[in-house]
Structure formats: structure tokens, C-alpha cells
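Values in this text are rule-based calculations from the coordinates and carry no lab data. All of these numbers come straight from a predicted model, not from anything done at the bench. Don't worry about glycine lacking a Cβ; one is built from the backbone with ideal geometry, like all the others, and counts go over all protein chains shown.
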Amino acid sequence: MEEFFYEEPSLRRKDEAIEFINEFIKNNSNINGTGGLDRYLDDYEGWLVKLEQDYRANQPEGRVPALTYFLVRESDNKIIGMINIRLVLNDYLRRHGGHIGYCIRPSEREKGYNKINLYLGLKVCQQHEVEEALLDADLDNPASWKTMESLGGIRVEEYIDEVDQTKSVRYIIPVDDSINRYKDIYESKIKHY
Ligand SMILES: CC(C)(COP(=O)(O)OP(=O)(O)OC[C@H]1O[C@@H](n2cnc3c(N)ncnc32)[C@H](O)[C@@H]1OP(=O)(O)O)[C@@H](O)C(=O)NCCC(=O)NCCS
């Protein structure tokens, strides 16, 4: 059974993290949930500092505390995906982005890995007392919204996103309920230390 865990980004994954993002670029893929790593490819150290600032309680105006993780597969110790979890929402995030952004590297998609990623993300939400996770996705990105539905997400709205003018869908995931409902499937896929 393959197992996965979250790892906080650090210097020791520098080369691998850059290679991870380059795989998206090579495949012309959207990049989400990386905490901006794709904008810091030539300043990985600066990105690590940014992540520390992202988590600080006293954010500059308009910023909220957020956590970013690598999703790592235990068997080959490889970065498979990433997630960015906003622990508090501001008005902008309520309208665009919600609590969670995520991605799985192109070569590892359609294997159910993002469902594991979201399950782990919901556990982080639970630890930080986020009771209802709000997520959104483009309507033409079923891999994203089906992930939400697979973890008990309830579609609350279809709308035109004011930021990028795309047809979008918004989901609410009741965090405790989801974890209780799906723990038998996903706990065995998580590396417990
Ligand atoms: C969205 C993304 C994270 C999905 O990752 P993934 O590991 O392939 O997803 P999973 O294999 O866990 O599949 C999740 C669900 O989506 C479905 N799915 C996966 N790929 C799909 C596709 N290309 N078309 C339709 N459904 C798809 C799966 O069948 C599964 O649904 P199910 O439980 O009903 O069977 C990945 O495609 C990605 O990184 N995309 C680029 C970044 C992005 O768009 N992030 C989301 C922004 S909101």
C-alpha cells in the first residue's frame, strides 16, 4: 500500500522542488497550491522566507495566515503534489480561492492522489479549527471539483468568477464530517510516524 505524508518545504528539497514545478511548465499545466513557488524558481531561499511570513499571525493588510506543504510519496520519497491552506478567509478569498489550493504533478495524475492530498489538507484544517472548508474550481476542471465531491464536498454555487471571468463552482466541505466519513479509506494511505 502506497503511503503519503506532508512535508514542510525546506532547503533540502530545493532541486527537487524546482524540477517539480518545471514538470508543470513543460506540460503547459495550471499551477495551483504552491504558495507561489512557480514565481520563485530562481529564489528558492526567498520563497522559504515568504512561506514563513505567510504563516505569521500578524499579516500585512489583506494577507491571511497560510500553510504550504509538499505531498510526498513514502516509497520513493518523491514530491507528488502540493497544497496551500489558508487558515482564515478574507473577502477576496471568500469570492476567489477559498481555503485550499492544490496540485498533483502531471506524470502522477488520475491515480487518486489528489483525494489523499485533500484528505490530509482537511486534517490540517481540523487541527486549526476550520470547521467548514470553502473551495472553488473552474467548472471545466472536473478533476478538481470531483476531488471535492469525493471528500463530501457540497456544491453551493455556480457563478462567473469576477477575477478571471471563468464559469466556476463553489463547494463547502464540513471538515469533521468528511474526515469521519472517509477515514477508513484514507488513513491507510497516510504515513503515520
Ligand atoms: C486537479 C488535480 C489536482 C487533480 O489531481 P489528480 O491526482 O489527477 O486527481 P485524482 O486522481 O485524485 O482524482 C480526483 C477525482 O477527479 C477525477 N478526475 C481526475 N482526472 C480527471 C480528468 N482529467 N477528467 C475528469 N475527471 C478527472 C477522478 O476520477 C476523481 O473523481 P472520482 O473520485 O469521482 O473518481 C490535477 O489535475 C492538477 O494538479 N491540475 C492542475 C492544478 C489545478 O487545476 N488545481 C486545482 C485548482 S482549483
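It is to be established whether one or more residues within the stretch 35-42 are more than 16 Å from the ligand (Cβ to nearest atom), surrounded by 14 or more Cβ atoms within 10 Å (Cβ to Cβ) and under 20 Å from residue 128 (Cβ atoms).
No, that holds for no residue.
Scan the stretch 2-21 for residues that are without any contact (Cβ under 8 Å) to a residue 24 or more places away in the chain and out of contact with any Leu (no Cβ under 8 Å at 6 or more places or on another chain) and jot them down. Even if it seems obvious, please write down each step before you answer.
Here is the first cut: in the stretch 2-21, the ones without any contact (Cβ under 8 Å) to a residue 24 or more places away in the chain are 12, 15, 19, 21.
Of everything in the stretch 2-21, those that are without any contact (Cβ under 8 Å) to a residue 24 or more places away in the chain and out of contact with any Leu (no Cβ under 8 Å at 6 or more places or on another chain) turn out to be 12, 15, 19.
Taking first residues from the stretch 139-158 that are in contact (Cβ under 8 Å) with a residue 24 or more places away in the chain and exposed (fewer than 15 other Cβ atoms within 10 Å of the Cβ) and partners that are not in a helix (DSSP H, G or I) and not basic (Lys, Arg), the Cβ contacts under 9 Å between residues at least 6 apart in sequence or on separate chains come to 140/166; 143/104; 143/110; 143/137. In the set (1) outside any helix (DSSP H, G or I); (2) out of contact with any helix residue (DSSP H, G or I) (no Cβ under 9 Å at 6 or more places or on another chain); (3) away from the ligand (no atom under 16 Å from the Cβ), the condition left unmet by residue 54 is number (1).
Give the number of residues within the stretch 70-90 that are under 20 Å from residue 56 (Cβ atoms) and out of contact with any strand residue (DSSP E or B) (no Cβ under 6 Å at 6 or more places or on another chain). Residues that pass the stated criteria total 4. So which residues in the stretch 123-154 are in a helix (DSSP H, G or I), away from the ligand (no atom under 11 Å from the Cβ) and either of a type outside the set (S, T, N, Q) or in contact with a Lys or Arg (Cβ under 7 Å, 6 or more places away or on another chain) (or both), if there are any at all? 123, 124, 125 - these are the residues of the stretch 123-154 that are in a helix (DSSP H, G or I), away from the ligand (no atom under 11 Å from the Cβ) and either of a type outside the set (S, T, N, Q) or in contact with a Lys or Arg (Cβ under 7 Å, 6 or more places away or on another chain) (or both).
Can you tell me which residues in the stretch 92-138 are of a type in the set (Phe, Trp, Tyr) and either crowded, with 24+ Cβ neighbours inside 10 Å or under 19 Å from residue 72 (Cβ atoms) (or both)?
102, 113, 119
The rows are residues; the columns are (1) within 13 Å of the ligand (Cβ to nearest atom); (2) touching a residue at least 24 places away in the same chain (Cβ under 8 Å); (3) assigned to a loop (DSSP other than H, G, I, E, B).
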position	(1), (2), (3)
62	no, yes, yes
67	no, yes, no
72	no, yes, no
80	yes, yes, no
84	yes, yes, no
94	no, yes, no
101	yes, yes, no
107	yes, yes, no
115	yes, yes, no
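Among the listed residues 162, 187, which satisfies the condition of being closer than 26 Å to residue 24 by Cα, away from the ligand (no atom under 14 Å from the Cβ), out of contact with any Pro (no Cβ under 6 Å at 6 or more places or on another chain) and acidic (Asp, Glu)?
Among 162, 187, only 162 is closer than 26 Å to residue 24 by Cα, away from the ligand (no atom under 14 Å from the Cβ), out of contact with any Pro (no Cβ under 6 Å at 6 or more places or on another chain) and acidic (Asp, Glu).
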